[in-house]
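Okay, so here's the structure we're looking at.
The values are calculated or read from the model by the stated rules, or taken from the named source; none is laboratory data. Everything numeric in this text was worked out from a predicted model, so none of it was measured. Positions of Cβ are generated from backbone atoms using ideal geometry, with glycine treated the same way; all protein chains shown enter the neighbour counts.
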Amino acid sequence: MTWKLDGITMEGTVVSPDGEGPCPAVIFVAGSGPTDRDWCSPLLPGSNGSARLMAEALAEVGVASLRYDKRASGTHAMENVVKLSGKMSMQSHLDELIAAVTVLSRQDGVDSSRILGLGHSEGTLHVLHYATTRQDVSFAGIVLAAPPGRPIQEVLLSQLAPQTQVPGGPELMAKVREAAARYAAGQQMDLDPGLPESVRAALASFEAPANLPFARELWIESATDSLTKIQAPTLILIGAKDEQVDMHADGRPLQEAAAGMSNVSFAFPANANHVFKEELRTPAEVAASPGSGYNEPGTRLDPETLDTILNWFSVTAA
């Protein structure tokens, strides 16, 4: 499907179950950067994306879905980035989600009173923004898959730390933290040229003119900020094998924020990686080939994760 937002064509895929409906439906919101509607990225090998697999599994149990390319992802990302340069923000991402929900709610056979949001990684923040603001179509429930329980700055620094495990590592990491502190204070990072290239690239992406002001808003945000405002049924998933969002460091503040909230439940599937594929390799094998368990042919959804989602949907979207 295609639709227009601010003069830019957005693209998405609807999956419908057999039967006339009306049926519940879910909107998928992808994670950061160029991640597309299927949760694949041109930065990683493979096209066997988890969102597509989840959408197909949900259709088999009677749940429709729409997953969409953010305007800065997918086949037209390069031309759209030029149009969006300097205009991307948390609000622009929320506008994309609002437009997609509107499209989904108008599909034949979809019950607009039973639309749920399922966000992944950074996408969980956009789902939370939607769910905590007044919208024409309210979410009947939300799934937060790999939500950052810490501010993105802290998550990023924890991800960069292993990349400084070289001679002089402590000094390099200190320079990373100094650059991050300057950025948090509204200044330029002024990156040290002695930092590893991969670290410099990750940090520099937050200063790219095309990403501003979105990157500065993202830098300080976490899912914990909005969780206490959610009244709809909420499922939070963090895989025990996730190398990007940590079940302890991110899960703990989320659990503390949700203390006493009967509408929020948690699951930490034992063999799920960041994109909720089954990960049976050792930590050393994963570290030697990061991202390789994500989207290659033959990778499959983590069975525990899929069972948890399907069981939660069977109750929440009934």
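I'd like to check something: does the stretch 27-38 contain any residue that is more than 28 Å from A201 (Cα to Cα) and surrounded by fewer than 20 Cβ atoms within 10 Å (Cβ to Cβ)?
Checked against the condition, which is being more than 28 Å from A201 (Cα to Cα) and surrounded by fewer than 20 Cβ atoms within 10 Å (Cβ to Cβ), the stretch 27-38 yields no hits at all.
Given the conditions (1) surrounded by fewer than 17 Cβ atoms within 10 Å (Cβ to Cβ); (2) assigned to a helix (DSSP H, G or I), report the number of the one that V127 does not fulfil.
(1)
Within the stretch 162-171, identify whether any single residue is in contact (Cβ under 8 Å) with a residue 40 or more places away in the chain, of a type outside the set (A, V, I, L, M) and more than 30 Å from S265 (Cβ to Cβ), and answer yes or no. Walk me through it before giving the result.
Taking the stretch 162-171 first, the residues in contact (Cβ under 8 Å) with a residue 40 or more places away in the chain are 162.
Add one more test, that the residue is of a type outside the set (A, V, I, L, M), and what stays is 162.
If we keep only those that are more than 30 Å from S265 (Cβ to Cβ) as well, we get 162.
Yes - at least one qualifying residue is present in the stretch 162-171.
Scan (1) surrounded by fewer than 19 Cβ atoms within 10 Å (Cβ to Cβ); (2) in a helix (DSSP H, G or I); (3) of a type in the set (G, A, S) for the single condition G194 breaks and write down its number.
(2)
Having 1 or more residues that are outside the structural domain of G49 (by TED's automatic domain parsing), at negative phi and touching a Phe, Trp or Tyr at 6+ places or on another chain (Cβ under 8 Å) is the bar; report the helices (runs of 4 or more DSSP H) wholly within the stretch 210-281 that clear it. Please lay out each step first, then the result.
Details: elements: 214-219, 224-227, 251-257.
Output list reads 214-219.
Could you tell me whether any residue of the stretch 146-162 is among the hydroxyl-bearing types (S, T, Y) and closer than 24 Å to I236 by Cα? Steps first, answer last, please.
Of all residues in the stretch 146-162, those among the hydroxyl-bearing types (S, T, Y) come to 158.
Filter once more, keeping what is closer than 24 Å to I236 by Cα: 158.
The answer is yes, given that some residue of the stretch 146-162 is among the hydroxyl-bearing types (S, T, Y) and closer than 24 Å to I236 by Cα.
Out of all the residues in the stretch 83-103, which are in contact (Cβ under 8 Å) with a residue 60 or more places away in the chain, assigned to a helix (DSSP H, G or I) and among the aliphatic types (A, V, I, L, M)? Explain how you work it out, then say what you get.
In the first step, residues of the stretch 83-103 are kept if they are in contact (Cβ under 8 Å) with a residue 60 or more places away in the chain; the result is 83-86, 88-90, 92-93, 95-97, 99-101, 103.
Restricting the remaining residues to those that are assigned to a helix (DSSP H, G or I) gives 83-84, 90, 92-93, 95-97, 99-101, 103.
Once the filter is applied, which keeps residues that are in contact (Cβ under 8 Å) with a residue 60 or more places away in the chain, assigned to a helix (DSSP H, G or I) and among the aliphatic types (A, V, I, L, M), the stretch 83-103 yields L84, M90, L97, A99, A100, V101, V103.
Within the stretch 282-310, track down each residue that is in contact (Cβ under 8 Å) with a residue 24 or more places away in the chain, assigned to a helix (DSSP H, G or I), closer than 19 Å to D246 by Cβ and not polar (S, T, N, Q).
Matches in the stretch 282-310: V286, A287, E304.
Filter the stretch 16-35 down to residues that are under 18 Å from L125 (Cβ atoms), of a type outside the set (G, A, S) and not in a strand (DSSP E or B) and give me whichever is nearest to the chain's Cα centre (by Cα).
Only one residue fits best here, namely T35.
Hey, does the stretch 71-82 have a residue that's hydrophobic (A, V, I, L, M, F, W, C), in contact with a helix residue (DSSP H, G or I) (Cβ under 6 Å, 6 or more places away or on another chain) and in a loop (DSSP other than H, G, I, E, B)? Full working, then the answer.
Here is the first cut: in the stretch 71-82, the ones hydrophobic (A, V, I, L, M, F, W, C) are 72, 77-78, 81-82.
With the extra rule that they be in contact with a helix residue (DSSP H, G or I) (Cβ under 6 Å, 6 or more places away or on another chain), the set shrinks to 72, 81.
Next, from what is left, pick out any that are in a loop (DSSP other than H, G, I, E, B): 72.
Among the residues of the stretch 71-82, at least one is hydrophobic (A, V, I, L, M, F, W, C), in contact with a helix residue (DSSP H, G or I) (Cβ under 6 Å, 6 or more places away or on another chain) and in a loop (DSSP other than H, G, I, E, B), which makes the answer yes.
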